[in-house]
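Chemist: Sharing a structure below in structure tokens format, with a few things to ask.
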Amino acid sequence: MKNFTPSAAEIGMRLDRWLKRHYSNFPHSYWVKALRTGLILVNSAKQEISYRLQTDDQIQIKETI
């Protein structure tokens, strides 16, 4: 599992936009499904694609991505 902490400039950014910025080769629909199935977690919990990143958030992405 890969762990990321959003930078200060990324605080307040929507989770889907953060994912697209760091993994631009995947379509939006892929991220929707990955979040729904738990391949991507924020602070060890499932989040909606529209979740806004906050200070000290930990984004966890399973190695299958």
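Chemist: Within the range 8-38, can you find the residues that are open to solvent by 50 Å² or more (accessible area, probe 1.4 Å), assigned to a loop (DSSP other than H, G, I, E, B) and at pLDDT 95 or above?
Modeler: Once the filter is applied, which keeps residues that are open to solvent by 50 Å² or more (accessible area, probe 1.4 Å), assigned to a loop (DSSP other than H, G, I, E, B) and at pLDDT 95 or above, the range 8-38 yields only I11.
Chemist: Taking only the range 50-65 into account, find how many residues are open to solvent by 50 Å² or more (accessible area, probe 1.4 Å) and in a strand (DSSP E or B).
Modeler: 1
Chemist: Read through the list (1) in a loop (DSSP other than H, G, I, E, B); (2) open to solvent by 80 Å² or more (accessible area, probe 1.4 Å), then give the number of the only condition that Q47 fails.
Modeler: (2)
The values are calculated or read from the model by the stated rules, or taken from the named source; none is laboratory data. Since we're looking at a predicted model, the values are computed, not measured. Note: accessible area is taken over every heavy atom of the protein model, side chains too, but ligands, DNA and RNA are not part of it. Shrake-Rupley method; radii C 1.70, N 1.55, O 1.52, S 1.80 Å.
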